[in-house]
Amino acid sequence: MKKVSFSTITLIACIAASLFISGCGNKPAAESTETPSDSTMTKETAKKPGEVQKYSQVPSPGEMFSFIKQLGSKGADDVSKLNTTENKNKYNDNKSRSLNFGVYSADLLYCSTFNHGAEALKYFVNIKKLGDEIGISTAINEQTANRISANIGNPDSLAAISNDLYFTTFDHLESNDRGNTLALVMAGGWLESIYMVTSMEPVFKKDNAIITRVAEQKFTLDNLIDFMKKYDKDADVESMVKQLGELKAEFDKVEDAKGPATLTKKNGKRVLGGGSGKIGITAEQYKAIHDKAAAIRNAITMNK
C-alpha cells in the first residue's frame, strides 16, 4: 500500500491552523483560571524553542471547537446532537468503523472542550472499541482512559488529552501505511465538526464570526478531498470522496467580497486570496452547507 504523504497532511493542517489563528482576533481568549491536573499533558505539550509540535501537523476538530468556545456559543451545552454511543453496534464493516471512529473522536473533542467530562469518558470507550476493531488498539491504551477519568472536571486538561489521542491515532495510521483508513477517519472527524458547529449556529447572522469560520472551511475541504484522492482506488474511500464532492459543490458557491476566494502561494506558503480576501456567505448558502453536511453525516452515523 502506498505510504501517506505527510506533506499533504501538513498542508491540510496548515490551512486549518491558519484559519483558526486568523479568527482569534475577533475576541481575545479569556485566561484560564484552572490549573491543569494532568502532569502527563503538561510534559507532552511542552516544546523546546524552534521545535514544531507534532500536534500542528494534523488538523483537528478541536481547533474549530476551541474557536467556538472563545466566542461563547450558547449551543455548547447541548450534547443531544452528538452521535449517540448506542449507535456503535451498527458499525460492522471497515468503512463504517473508520468513519465513525473519526466522528466519535470529534465528539470526544467536543465534550472535552465544552466541559462534558462524563460524556467524554463514554465516547472514549466507544473509540477504544472501534480502535480495536480497525486494528489501532495500540494507539489507545488504559493510561489514556485513566487520564480522562482523572480530569473529568478539568476541561483544559481534558481537551489536551483528547487532542493528544486524536493525533496519536493519526500518527499510528500514517506510520503503518494505513492511508485508506486514515482518509476515512479524517473525513468522519472533519464532517462531524462541520455538522456540530452549523447545528450550534442554526440561524444565519451576517458578519457572525462562527458562520464566517464555517465558510472558510471550503479550503480545508478542498485539501481533504485532494488527500483522500490518493487512496481512491479503495472503493470505500472513493465513495466517500464522491459524497464530500456534493458538499464541496455547496461550499464552492461561497465567494469573497470581490470574486471567488482562492488559495495562492506567497513566499512558499498557502494564503487566502482573491478579491478582498474576506470571505462572505449568504443565508441560503449557509443553510445548504448545513443541510448537505447533515445528510452525509447522518448517513454515516446510521450506516446507511
Handout entry: Glu133 accessible area, assembled protein chains, probe 1.4 Å, Å²
Key = 70
Handout entry: Listed pairs Lys74/Lys205; Lys248/Lys304; Lys74/Lys248; Lys253/Lys292; Lys74/Lys128 exceeding 24 Å between Cα atoms
Key = Lys74/Lys248; Lys74/Lys128
Practice task
Calculate the length of the line joining the C-alpha centroid of region 190-245 to that of region 66-136, in whole Å.
Solution key: 17
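With a sphere of radius 11 Å drawn around the Cβ of Leu224, what net charge do the other residues whose Cβ falls strictly inside it have (Lys, Arg +1; Asp, Glu -1)?
For residues surrounding Leu224, the net value is +1.
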Exercise for the section: Could you tell me which of rounded, prolate or oblate describes region 158-227, using a ≥ b ≥ c as the square roots of the eigenvalues of the alpha-carbon gyration tensor, with rounded for a/c under 1.5 and, failing that, prolate when a/b is larger than b/c and oblate otherwise? Expected result: prolate
Handout entry: Residue-wise HN-Hα coupling along region 81-90, computed from phi with Karplus coefficients 6.51, -1.76, 1.60 (Hz; x: Gly, Pro)
Key = 8, 5, 5, 4, 5, 5, 6, 3, 5, 7
Exercise for the section: Order Leu71, Leu99, most accessible first, counting only protein heavy atoms with a 1.4 angstrom probe. Expected result: Leu71, Leu99
Completion exercise
For region 165-210, the charge dipole (Cβ of Lys, Arg +1; Cβ of Asp, Glu -1; about the Cα centre) points to a positive end, and the Cα of Asn208, Leu191, Asn176 closest to that extreme belongs to Asn208
Practice task
Return the aspartates and glutamates within reach of Lys218: Cα separation strictly under 13 angstrom, same-chain partners fewer than 8 residues apart disregarded; answer none if there are no such residues.
Solution key: Asp226, Glu246, Glu250, Asp252, Glu255, Asp256
Handout entry: Above-threshold pairs, the threshold being 22 Å between Cα atoms, out of Lys95/Lys233; Lys88/Lys122; Lys90/Lys287; Lys81/Lys206; Lys95/Lys242
Key = Lys90/Lys287; Lys81/Lys206
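The values are calculated or read from the model by the stated rules, or taken from the named source; none is laboratory data. Small disclaimer: the values here were computed from a predicted structure and weren't measured. Every residue, glycine among them, receives a Cβ derived from its backbone with ideal geometry; neighbour counts consider all protein chains shown. The protein model used for the area step is the full one, side chains on, heavy atoms only, and it has no ligands, DNA or RNA in it. Shrake-Rupley method; radii C 1.70, N 1.55, O 1.52, S 1.80 Å.
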